[in-house]
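Here is the structure we will look at.
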Amino acid sequence: MPTDTRYLFVTGGVMSGIGKGITTASIAKLLQLRGFKVSAMKIDPYLNVDAGTMNPVTHGEVFVTDDGGEIDMDLGTYERFLDINLSRSHNTTTGQIYTSVINKERRGDFLGQCVQIIPHVTDEIKSVIRNIASKVEPDVLLVEVGGTVGDIESLPYLEAARQLRLEEGHRRVLFAHVTLVPTLDVVGEQKTKPTQHSVQELRRIGIQPDLIVARSKGPLLSGPKKKIALFCNVEEQAVFASPDLPTIYQTPMDLDDQGMGEFLADRFGLDHHSVDWSGWKRTVDRISNPSQVVRIALCGKYAELADSYVSVNEALKHAGAACDTRVEIEWIETELFENEPSNCKILSRFDGVLVPGGFGSRGTEGKIAALAYARENNIPTLGICFGFQLAIVEFCRHLGLNGANSVEINPNTPHPVINLMPEQLAVESKGATMRLGAHEIRISPNTIASLLYGREVISERHRHRWEVNPDYIERIVKAGGRFSGRSIDGTRMEIFEVPDRYFYMGTQFHGEFKSRPGKPSPPYYGLIKAGLDRKLGKTAPEFTPLIQKAVA
Ligand code: GLN
């Protein structure tokens with residue numbers, strides 16, 4: 001079905017990791033605040049069918065959508081900037097494209113033809129993009145092409161984009177190229193040659209970018225800006241500077257200040273709309289100029305790479321902003337506590353402890369030691385997914401169930417307090433077979449969770465294979481633990497609290513995936529507010545109703 005959608009392709013030059021996802025989300029935001037309906041999608045040129053089987057250390061966090069997609073972390077950035085929920089179909093991969101083409105070939109859809117990258121694969125790519133446009137009907141659909149121009153893998157996508165422009169017309173399809181302008185330390189000069197080369201590469205395959213977003217450490221100087229315009233064959237007003245900023249949430253305003261909104265409306269032939277930045281600016285100010293500080297120890301395994309926990313990081317920032325507080329995060333590799341639990345003492349320097357999600361046994365005993373130390377010393381604590389499961393393990397060991405463990409870690413444990421969910425028993429393949437996506441949870445009244453959420457039924461996103469073994473629930477509750485959130489049918493434990501502690505909570509779900517600037521995730525807000533109130537010497541945390549309004 002033909003739609004009135006305009007398409008903005010965002011490609012990346014020079015190298016990966018320069019913030020193409022943030023640029024895409026920022027452009028989408030400045031269009032959204034102009035009153036346009038926008039949506040965004042990401043194309044990943046790798047052969048995996050989805051991001052679910054990839055190591056977060058090398059690829060970054062696996063983001064989870066409401067509909068259970070295990071997808072690229074850039075989709076999380078889009079959701080946070082745009083405050084919309086995207087479906088899994090907004091992230092496609094070469095694995096999905098080829099699977100679909102090969103299935104069609106086997107079915108006989110191409111009988112008699114030699115099936116080729118052009119046109120069969122490129123047609124498939126275009127139809128995936130157009131399907132989103134006809135389903136969502138946005139005024140502008142941003143399509144971020146993963147990888148770097150010049151990669152073999154991304155060629156079919158760039159070719160499909162080139163064809164789409166030819167078919168839809170140059171007013172309906174624009175190309176934004178995000179590149180890096182490095183500064184040479186020795187001479188302190190901003191160098192444009194990598195940008196020139198990457199645009200040459202793009203032009204070689206038939207794409208002339210309409211605008212260039214130049215990422216740099218400091219402000220882009222006018223000399224290099226002119227040079228980029230000249231050598232890359234764009235007007236100077238089409239070169240946008242994107243220097244590092246104190247917070248990523250400032251980027252949309254920064255690009256708009258340079259005229260990005262008018263530029264795009266002009267090129268797309270869309271009406272000029274005025275833009276009201278006041279709400280977004282308030283949120284950004286709250287994130288960037290807080291008056292207080294709390295320090296959180298993030299006790300995990302992939303401590304070396306912040307991208308592995310990007311949503312956790314952002315959720316902490318959003319929660320901090322709601323408390324007028326900057327959250328200083330220190331990454332702690334829990335193997336440090338493994339052989340020497342007394343190292344846990346360093347946790348006393350923090351206002352809160354967060355044990356995030358994870359898989360496999362390395363570092364696990366260290367996480368359990370951290371949870372024990374935090375519980376015993378009354379440090380506000382939040383366990384997420386694996387962190388929730390290990391908080392149960394720790395609590396059970398403390399109540400005398402020696403050797404209690406998750407079966408994932410020790411299949412022969414005498415007390416399998418975390419066990420496989422019944423539907424997982426027959427599952428053998430690893431791709432997309434966990435309990436995934438949004439599920440409803442019923443919150444018990446008069447609990448910390450009910451105070452934080454202010455609602456009886458909530459919906460949160462999941463990604464796990466194991467869960468609390470019902471055989472142990474009675475013993476846990478008798479010993480002072482509380483399950484304040486359960487699945488609607490009452491069988492799955494979703495939120496754990498230890499009410500006699502200052503703040504001690506675990507959630508089987510990942511609240512971070514639904515946290516947004518201005519709308520923090522309640523458990524994260526609980527951790528930060530409790531950390532702050534304890535630091536201020538209050539006898540108990542004072543949770544304000546602010547959070548209830550924000551999330552309702
Ligand atoms: N490894 C645990 C499970 O599969 C927890 C997963 C997670 O933290 N995302 O249940």
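Here Leu536, Leu47 are placed in order of increasing Cβ neighbour count within 10 Å, fewest first, which gives Leu536, Leu47. The aspartates and glutamates whose alpha-carbon is closer than 12 Å to the alpha-carbon of Lys281, local same-chain residues fewer than 8 away aside, are Asp254. Computed 3J(HN,Hα) for segment 400-408, one whole-Hz value per residue from the Karplus formula 6.51 cos²θ - 1.76 cosθ + 1.60 where θ = phi - 60°, is x, 8, 4, x, 4, 6, 8, 5, 4, glycine and proline marked x. Between Val186 and Ile152, the simple spin-label model (points 7 angstrom out along Cα→Cβ) gives 3.4 nm.
Taking amide H as placed 1.01 Å from N in the peptide plane, Glu189 has its amide H under 5 Å from the amide H of Leu184, each at least 5 places away in sequence or on another chain. For segment 295-355, the Kirkwood radius over C-alpha pairs fed into Stokes-Einstein at 10 °C and 1.306 mPa s yields D = 130 µm² per second.
Here the relative contact order of the chain, from alpha carbon pairs under 8 Å that lie six or more residues apart, stands at 14 percent. Across all directions, the average flat footprint of the convex hull enclosing the Cα atoms of the chain is 27.4 nm².
Spin-label pair Thr247-Gln292: with each label point 7 Å from Cα along the Cα-Cβ axis, the two points sit 1.7 nm from one another. Label zone (Glu440, point 7 Å along Cα-to-C-beta; backbone nitrogen cut-off 12 Å) within segment 490-521: 490.
Given their separation in residues at 0.36 nm each and the Cα-Cα distance between them, Phe359 and Gln200 gain 52.9 nm when the chain is fully extended.
One chain, two ends: Glu423 and Leu166. Fully extended at 0.36 nm per residue, the span grows by 87.6 nm beyond their Cα-Cα distance.
Scan the chain and report its longest stretch carrying no GluC sites (Glu not before Pro) that are both in a DSSP loop and have at most 11 other Cβ atoms within 10 Å. Answer from the scan: 1-234. A straight Cα-to-Cα reach below 30 Å connects Lys538 with the lysines Lys317, Lys345, Lys367, Lys478, Lys514, Lys519, Lys529, Lys549, residues fewer than 8 places away in its own chain not being considered.
Rounded to 0.05, the FRET efficiency of the Asp285 and Thr491 pair, given R0 = 60 Å and the Cβ-Cβ distance, is 0.85. If you take the beta carbon distance between Asp500 and Val115 as r and set R0 to 41 Å, what does 1/(1 + (r/R0)^6) give as a FRET efficiency, to the nearest 0.05? According to the calculation, E is roughly 0.05.
Helical runs (DSSP H, four residues minimum) scored at -39500 (n - 2.57) apiece and divided by the length of the chain put the mean residue ellipticity at 222 nm at -10500 deg cm²/dmol.
Each part reduced to its alpha carbon centroid, segment 224-303 and segment 440-462 end up 35 Å apart. Taking θ as phi - 60° and the Karplus parameters 6.51, -1.76 and 1.60, the scalar couplings of segment 288-294 work out to 8, 10, x, 9, 10, 9, 10 Hz in sequence order, x denoting glycine and proline.
Each residue of segment 177-185 was assigned a 3J(HN,Hα) from its phi angle through the Karplus expression (A = 6.51, B = -1.76, C = 1.60, θ = phi - 60°), giving 10, 9, 10, 10, 10, x, 10, 6, 4 Hz with x at Gly and Pro. Assuming R0 = 60 Å, can you tell me the calculated FRET efficiency for the pair Glu235 and Glu335, based on Cβ-Cβ distance, to the nearest 0.05? My answer for the efficiency is 0.65. Computed extension gain for Lys193 through Asn410, at 0.36 nm per residue and net of the alpha carbon distance, reaches 72.7 nm.
In terms of its Cα atoms, segment 136-266 spans 46, 31, 25 Å along the principal axes, sorted from long to short.
Of all aspartates and glutamates in the structure, the ones whose alpha carbon falls short of 13 Å from that of Lys226, not counting any fewer than 8 places away in one chain, are Glu235, Glu236. Placing a pseudo-label 7 Å from each Cα along the Cα-to-Cβ vector at Lys538 and Lys478 gives an inter-label distance of 3.6 nm.
Residues whose amide H lies under 5 Å from that of Phe240, counting only those 5 or more places away or on a different chain, are Ile212, Val213, Ala214; hydrogens are built 1.01 Å from N in the peptide plane.
To the nearest Å, what is the center-to-center distance of segment 464-496 and segment 511-544, using C-alpha atoms only? Going from one Cα centre to the other spans 23 Å.
No value in this document is a laboratory result; all are computed from the given coordinates. What you are looking at is a predicted structure, and each value in this text was computed from that prediction instead of being measured. Cβ coordinates were reconstructed from backbone atoms using ideal geometry, including for glycine residues, and neighbour counts include every protein chain displayed.
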